[in-house]
1. Find the centroid of the Cα atoms in region 56-110 and in region 120-177, then give the distance between the two in whole Å.
2. Show me the three semi-axes of the equivalent ellipsoid for region 1-74, from the C-alpha gyration tensor (sqrt of 5 times each eigenvalue), largest first, rounded to whole Å.
3. Using unit Cβ charges (K, R positive; D, E negative) and no other charged atoms, how large, in debye to the nearest 20, is the dipole of the chain about its Cα centre?
4. Report, as a whole number in µm² per second, the diffusion coefficient that Stokes-Einstein gives for the chain at 20 °C and 1.002 mPa s using the Kirkwood radius over alpha carbon pairs.
5. According to a simple spin-label model (label point 7 Å from Cα along Cα-to-Cβ), what is the distance in nm between ALA9 and GLU48?
6. I'd like the Karplus ³J(HN,Hα) series for region 174-191: coefficients 6.51, -1.76, 1.60, θ = phi - 60°, whole numbers in Hz, and an x wherever there's a Gly or Pro.
7. Rank the residues LEU90, LEU203 as a footprinting-exposure proxy: fewest other Cβ atoms within 10 Å of their Cβ go first.
8. If you take the charge dipole of region 66-205 about its Cα centre, with +1 on Lys and Arg Cβ and -1 on Asp and Glu Cβ, which of GLN120, ALA169, ASN95 is farthest toward its positive end?
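Read-outs: derived from the displayed coordinates by stated rules, not from any lab. Just so we're clear, the structure is a prediction, and the values are computed from it rather than from any experiment. Cβ placement follows ideal geometry from the backbone for every residue including glycine, while neighbour counts extend to all protein chains displayed.
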Amino acid sequence: MPLDKQIAAVLQPFRDLPPPDFSQLDAAQYRQFSDNLLPAIPGDPMIEVRDLKVAGAAGQLDARLYRPLEQDNLPLLVFFHGGGFVMGNLDTHDNLCRSLARQTEAVVVCVAYRLAPEHQFPAAPLDCYAATCWLVEQAAALGVDGRRLALAGDSAGGNLALAVSQLAAQRQGPKISYQCLFYPVTDARCDSQSYEDFAEGYLLSSAMMYWFWQQYLPDAGLGDDPLASPLRGDRLAQLPPTTLLTAEFDPLRDEGEAFARRLLQAGVSVRLQRCEGMVHGFISLAPFVERAAWALSDAAADLRGALN
């Protein structure tokens, strides 16, 4: 179908911006620019929102907890933000985390893992796994039920949720009940047809993804590591049931859908939804885009059903 009209209106100001020169781009400066590009959006009210420190692989990490209901022992949903492994923070995804907490009726904890290029692969997946383990260990103190655990993430965050699921399977814990992946990064090879079809003009460009991978991987050969490219993994049968959303006009569309097929072939329960008329990042636009809000509600219902 054609590009959604509400999405097209959101995209127009971005299309008027000059494209970055990725050969000269400074990651720290681009991060500062990108993370402040959109104004803060007032989110759903919570019973409790608080910042905390969680254990990472090499020290403490910032995190933010969202409690939607005034009761203990709610399920735990650990969320990993997108941003190409280079950008994003607790504030850029505050609105989305509030929406997920309200609609899943779970305590959401968003983890600010270390970013590239200052901290390259595998720092981020190891951080995310260590933080998830710590949250489960501290479940009683946090007033959550660590036995009802799910993961979620968008884009690079979806990649990191998959890395945590893989590590949890390899290391016998923690047990993850469900994972929800919004247009996840699954393959460093960047060679799918959608990379050509939607190379530019749809918020995320193919050139930008190439640049993100260059920042993230200290060696291009590491791109075949399943923790970097889950599509290249061969031990998928132990991964949890999954909801995976892709966007019709997204360079990452084909690799996300290919990964969903791999999960199905491995016997994992998967609900795959291609969101027509959408672009990469659309789930964060739910306050402005009706189709995005519907997709978010459907995904949250999957999580709520799995955790309750």
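1. Each part reduced to its Cα centre gives a spacing of 12 Å.
2. Listed largest to smallest, the semi-axes of region 1-74 are 34, 23, 11 Å.
3. 860
4. After rounding, the answer is 112 µm²/s.
5. About 3.9 nm, to one decimal.
6. My calculation for region 174-191 gives x, 6, 10, 7, 6, 9, 10, 10, 9, 5, x, 6, 10, 8, 6, 6, 6, 10 Hz in order.
7. Fewest-to-most Cβ neighbours within 10 Å comes out as LEU90, LEU203.
8. ALA169
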